[in-house]
Amino acid sequence: MVITVIGGGNIGTQFAVHCAAKGHTVRILTSSPEVFEKHLMTVDENGIPFLEGDIDFASDDPEKALSGADAVFVTFPSNLMKKAADYVYAFCGKDTLIGVVPGNGGSECAFRRCIERGNTFFCIERVPAVARLVKKGSTVRSVGYRAELHAAALPASESERCAAFVSGIFGIPCKAAPSMLGLTMTPSNPVLHTTRLMTIFRSYRDGTVYERLPLFYEEWDDESSELLFLCDDEVQKICRALPMFDLSGVKPLKEHYESPTPHQLTEKIRSIKAFRGLGTPSVRTDGGFIPDLHSRYFTADFSYGLSAIVQIAHFAGADVPNLESVLRWYEGIRIEKDGFRYEDYGIRSREDFLAFYSL
């Protein structure tokens, strides 16, 4: 197949290597094509290569990168998803398979025009492994591969086919998730990252400088876990308020991390090998550090991931004071004012919402 990967960052490079290693013709749409080498590789935690392949080309020209593509993997952050959708609609045909990872943040709405003209659209629930660039345009470190992936499609009848496609690329079993809404509701980064950031920066105001910031995961604390538990419970409340959808795949984070108490969750997150050494998103300034409000942890996980979940709660009629409190906290410090709104895609009522996710 001819596969175009939109995005040349951590995840995009990881996907490009896996697709090329399977013998597909791979193109990368990136803002910095000049740094890309033809030969790409993934390495393990010790820097030892374990997968490699040659791409066809990297380009910043969307028409060149997308024309004739059989499949597209979109790895752009959520705030660039509409731009990616516009590119795909303009330069791909209705038979092009469109996939997005990860599957939260309402990306399915950005691709609504493509879905309505006949494209099959799918999301992968979570990234296959933690990816970090070693050398941009050449090498990516991939660690902590999942034992199983989940994917869902619109129309839903295509979910099995899309799951098989993903499994073939990564060599990991991929199951068809019960519904696309379940992937949008998955409380991974939209709850995991946002509750941690609020706990760390709760007292932040313009002009606040921190002498030191904790490692994001290795120094996770019980306060973060307690807030996460409250928000995680509210996600489950939303699921119960939408019995017309099979949301059984929206696993509580306490279950995902096999941690029934907040303290056990703290110890679990601190111990995860793939998370080691990852700092809190911040910018060095005079006297210390300030939060990096341009980081994807903020711009994607609050304005898109968490915002989508809170809007779904409103459609469902579920009371979610903790999720709303976390989102309001971010609204008070945010810099970038864009964000996900269902109404921007013609979904303004409960009836509109139910109809879209029932495709």
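Remarks
- Qualifying residue in segment 243-261 (condition: surrounded by fewer than 15 Cβ atoms within 10 Å (Cβ to Cβ), of a type in the set (Lys, Arg) and outside the structural domain of CYS123 (by TED's automatic domain parsing)): no
- For ASP54, the criteria (1) free of Cβ contacts under 8 Å to residues at least 40 places away in the same chain; (2) of a type in the set (Asp, Glu); (3) in contact with a Pro (Cβ under 8 Å, 6 or more places away or on another chain) hold in every case but one, which is (3).
- Only one entry in ASP86, ASP70, ASP60 is in the same structural domain as ARG27 (by TED's automatic domain parsing), without any contact (Cβ under 8 Å) to a residue 12 or more places away in the chain, under 24 Å from the mean Cα position of the chain (by Cα) and surrounded by 14 or more Cβ atoms within 10 Å (Cβ to Cβ), namely ASP86.
- Residue check, ILE55 in the same structural domain as ALA90 (by TED's automatic domain parsing), of a type in the set (A, V, I, L, M) and out of contact with any helix residue (DSSP H, G or I) (no Cβ under 9 Å at 6 or more places or on another chain): no
- All positions within segment 1-33 that are in a helix (DSSP H, G or I) and touching a residue at least 60 places away in the same chain (Cβ under 8 Å): ASN10, ILE11, GLY12, THR13, GLN14, PHE15, VAL17, HIS18, CYS19
- Consider segment 112-165 and keep the residues that are more than 18 Å from HIS18 (Cβ to Cβ) and of a type in the set (Asp, Glu). The one that is surrounded by the most Cβ atoms within 10 Å (Cβ to Cβ) is GLU158.
The rows are residues; the columns are (1) surrounded by fewer than 18 Cβ atoms within 10 Å (Cβ to Cβ); (2) among the basic types (Lys, Arg); (3) at pLDDT 95 or above.
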{"site": "SER224", "(1), (2), (3)": "no, no, yes"}
{"site": "LEU227", "(1), (2), (3)": "no, no, yes"}
{"site": "ALA241", "(1), (2), (3)": "yes, no, yes"}
{"site": "GLN264", "(1), (2), (3)": "yes, no, yes"}
{"site": "ARG270", "(1), (2), (3)": "yes, yes, yes"}
{"site": "LYS273", "(1), (2), (3)": "yes, yes, no"}
{"site": "ASP286", "(1), (2), (3)": "yes, no, no"}
{"site": "VAL320", "(1), (2), (3)": "no, no, yes"}
{"site": "VAL326", "(1), (2), (3)": "no, no, yes"}
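- Flag if GLY182 is assigned to a loop (DSSP other than H, G, I, E, B), touching a Leu at 6+ places or on another chain (Cβ under 6 Å) and either outside the structural domain of LYS82 (by TED's automatic domain parsing) or in contact (Cβ under 8 Å) with a residue 60 or more places away in the chain (or both): no
- Hey, PRO190 touching a residue at least 12 places away in the same chain (Cβ under 8 Å), closer than 27 Å to SER358 by Cα and buried (at least 16 other Cβ atoms within 10 Å of the Cβ) or not: yes
The values are calculated or read from the model by the stated rules, or taken from the named source; none is laboratory data. Small disclaimer: the values here were computed from a predicted structure and weren't measured. Note that we place each Cβ from the backbone using ideal geometry, even for glycine, and neighbour counts take in every protein chain shown.
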